[in-house]
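The next block holds one structure in the form of structure tokens; read it before the comments.
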Amino acid sequence: MKFFIDTANLNQIREANELGILDGVTTNPSLMAKEGISGEQAVMNHYKTICEMVDGDISAEVISTDFEGMVAEGKKLAAIHENIVVKVPLIKDGIKAIKWFSENGIRTNCTLIFSAGQAILAAKAGATYVSPFIGRIDDSGWDGIELIHQLSNIFSIQGFKTEILAASIRNPNHIIKCAEAGADVCTCPLDSILGLLKHPLTDIGLAKFLEDAKKFA
Ligand code: E4P
């Protein structure tokens, strides 16, 4: 399973990248706004900086909601760097735009997926990635991980090449469950990635080893 970080914060991207386990970055308009990035040029520059920091797929989201607007925006985003993946919302014109991008050599990440039907449509249109939002599904009283199981099964039966990119991750256990359910990629906040490191027995065990090491040092 590939690890992406889900942020537009450069310090967090740097910290995750320095671990040596980072395969890419996802952002969205809310994450960009959180970093105070505004205006088309500033947004484009920020994506360029991220592409120069991380050698992996970088999702950059369109904000148009009509076919022509999405295509025009996506072309500009894709021109920033070869690693840019154009992120398109799962709406009717989004599906048409994904089809256009796939026929024109531009990779896409179909975002805001909450059902298997939506993911099937995006895969049929040729999306490179589909992004089911695990945490938001859980928040609404449904089971996000169950959707990953379902998609993993469907994509394997149907031979879809589209990768399942589990998004809206809220904790380390979500990452483990996504790996178990067959997600191809998990995009996570830094805290959830670092949370995978933690186990009290590791801390206790290391403290004991270091204490005992003093006996022969
Ligand atoms: C995915 O690409 C989205 O940016 C993200 O995972 C949404 O997560 P949230 O539900 O925590 O906002």
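The values are calculated or read from the model by the stated rules, or taken from the named source; none is laboratory data. Because the structure is predicted, anything quoted here is derived from the model rather than measured. Note that each Cβ is placed from the backbone with ideal geometry, even for glycine, and that neighbours are counted across all protein chains shown. Quick note on the areas: whole protein, heavy atoms, side chains included, nothing else; ligands and nucleic acids left out. Shrake-Rupley method; radii C 1.70, N 1.55, O 1.52, S 1.80 Å.
Things worth noting here:
- Scanning segment 1-49 for residues that are over 17 Å from Asn83 (Cβ atoms) and basic (Lys, Arg) gives a single hit, Lys34.
- Glu61 vs. criteria surrounded by 15 or more Cβ atoms within 10 Å (Cβ to Cβ), charged (D, E, K, R) and touching a residue at least 60 places away in the same chain (Cβ under 8 Å): no
- Among the conditions (1) touching a Pro at 6+ places or on another chain (Cβ under 7 Å); (2) surrounded by fewer than 18 Cβ atoms within 10 Å (Cβ to Cβ); (3) not acidic (Asp, Glu), the only one that Ala166 does not satisfy is (2).
- Some residue of segment 104-113 being surrounded by fewer than 16 Cβ atoms within 10 Å (Cβ to Cβ) and either under 27 Å from Asp66 (Cα atoms) or among the β-branched types (Val, Ile, Thr) (or both): yes
- Look at (1) surrounded by 15 or more Cβ atoms within 10 Å (Cβ to Cβ); (2) within 16 Å of the ligand (Cβ to nearest atom) and you find that Lys34 fails only one, number (1).
- Residue identified as surrounded by fewer than 19 Cβ atoms within 10 Å (Cβ to Cβ) and either charged (D, E, K, R) or out of contact with any helix residue (DSSP H, G or I) (no Cβ under 7 Å at 6 or more places or on another chain) (or both) among Glu82, Glu73: Glu82
- Subset of segment 129-155 (residues that are among the hydroxyl-bearing types (Ser, Thr, Tyr) and surrounded by fewer than 22 Cβ atoms within 10 Å (Cβ to Cβ)): Ser140, Ser152
- Scope segment 190-217; condition open to solvent by 30 Å² or more (accessible area, probe 1.4 Å) and in contact with a helix residue (DSSP H, G or I) (Cβ under 8 Å, 6 or more places away or on another chain); matching residues: Leu196, Lys198
- Here Met44 meets the list (1) touching a Lys or Arg at 6+ places or on another chain (Cβ under 8 Å); (2) part of a strand (DSSP E or B) almost entirely, failing just condition (2).
- Some residue of segment 39-46 being modelled with pLDDT of 95 or more and closer than 30 Å to Leu197 by Cα: yes
- Test: residue in segment 10-24 that is within 16 Å of the ligand (Cβ to nearest atom), buried (at least 21 other Cβ atoms within 10 Å of the Cβ) and part of a helix (DSSP H, G or I): yes
- Tallying residues that are crowded, with 19+ Cβ neighbours inside 10 Å and either closer than 24 Å to Glu18 by Cβ or aliphatic (A, V, I, L, M) (or both) within segment 169-183 yields 6.
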